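Report on the following structure.
The values are calculated or read from the model by the stated rules, or taken from the named source; none is laboratory data. The shown structure was predicted, so the numbers you read here are calculated from the model rather than taken from an experiment. Counting neighbours? That spans all protein chains shown, and the Cβs are built from the backbone with ideal geometry, glycine included. When the accessible area is computed, the model is the full protein with side chains, heavy atoms only, and any ligands, DNA or RNA have been set aside. Shrake-Rupley method; radii C 1.70, N 1.55, O 1.52, S 1.80 Å.
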Amino acid sequence: MKRILTIAGLAALSACASGTAGSEPATGPGTGAVTPPATGVSAAGSGAAATAAATITADDMRRHVAYLASDALRGRDTPSPGLDSAAAYLSREFARLGLQGGAGEGGFIQRYPLRGRGGSGIAPNVVAVFPGGDPTLRNEYVVLSAHMDHVGVGRPVRGDSIYNGADDDASGTSALVEVAEAFASMPRRPARSIIFLAVSGEEKGLLGSEYYSNNPTVPIGSIVANVNIDMIGRNDGGDVVVIGKDYSSLGPLVDRLAGEHRGIVGITPANDRWPEERFFFRSDHYNFARKEIPAIFFFAGVHDDYHQPSDEVESLDVDKAARVARLVFLTANSIATTPQRPEWTASGLAEVRRMTRGGRD
């Protein structure tokens, strides 16, 4: 997660995006003929969804984070060779699971120009698509997002100068891969399509998500919701704060699913504990909310290792991160299966419009 910016500064953000293909062919359960979606409103709470959610494991979360937050990637600054390695890794994982490249011409990597905002050159976003099964609703999309960048190499602390960013946000980025694997394991596809969006430049002002929202790879009006994941592996293991619960119908949905699937989730979705911090406007879902797309943000809170070299995999509660990822999967699956689109509350939309200077542009 980026450090505090002024709301005016957030509203002025703008930046970037890019494109090249992943290196592996799309094979596996996500390819081939489209399987019709399960019918009826019970699909999201079905045994198939619970079984798929259970494929998200602490061991797999640890494996992904261990690579993304390794010293070899040198803190994944935007731009940097380490960030490019993270993008390549995610592209390979999504391709292995049979997802389609969503960045144009079958590629997974969307590149955007920095143009002096936080550096020079170009930076990557990773865009992967799991197509829905309904002939009509497959043209609508649920976007799952997390940022793959961190702050790179900096001032040494006790001899360590690599700011690995295991929680911030290798934890959320790894959850994207695990949720994609859960979808790929299901015998039937949900009705709507799922976009898995790993952005960069979050630490420099939400640059990658701003570029994607301004230059989407699907019509912006076809995106029905954004579920963002940022820092989910620390603090109290019994809950995760869900920022924006009271802004849209997504909040009651998350509460219901956590209750229905207590056995495999085992985590309580808590209300925003830090309203004065305005966290709803400080991570990548902001750039979807400003387009008036209902958005919600899974976030376990900051800690002493935030933006420090000590944010390493050994400090991560991978079991908690896996349980949060299961709840993210169940949430995305329900949104993708339920015919009705998520909706803002009247007060939530009014607040978003006030804080984004007018809403959809």
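Taking the average, over residues, of other Cβ atoms within 10 Å as the packing measure, peptides 92-98, 55-61, 224-230, 240-246 rank 224-230, 240-246, 92-98, 55-61 from highest down. Pairwise Cα separations in segment 163-289 fall into 5 Å bins from 0 onward with the following percentages, short to long: 2, 9, 16, 22, 25, 17, 8, 2, 0. Across segment 247-361, Cα-Cα pairs more than 24 Å apart make up 35 percent of the total.
Run the helix sum for the chain: -39,500 (n - 2.57) per DSSP H stretch of 4+ residues, divided by residue count, reported at 222 nm to the nearest 500 deg cm²/dmol. Walk me through the numbers on the way to the answer.
Numbers: 11 runs with 110 residues, N = 361.
One gets -9000 deg cm²/dmol as the mean residue ellipticity at 222 nm.
His303 contributes an accessible area of around 30 Å² to the protein surface, as traced by a 1.4 Å probe with all chains present. In the context of the full protein assembly, Phe279 retains an accessible surface of approximately 10 Å², using a probe radius of 1.4 Å and ignoring ligands and nucleic acids.
Could you give the alpha-carbon Rg of the chain over 2.2 N^0.38 Å, rounded to two decimals?
On the way: Rg = 18.3 Å, N = 361, 2.2 N^0.38 = 20.6 Å.
That works out to 0.89 for the chain.
The separation of segment 131-188 from segment 240-254, counted between C-alpha centres, amounts to 20 Å. Within the accessible area of the chain, the carbon and sulfur atoms contribute 52%, probe 1.4 Å, all protein chains present.
For the chain, what is the accessible area per residue in Å² when the probe is 1.4 Å?
Numbers: 12720 Å² over 361 residues.
Each residue of the chain exposes 35 Å² on average to a 1.4 Å probe.
Computed with a 1.4 Å probe over protein heavy atoms only, the accessible area of Tyr89 comes to about 30 Å².
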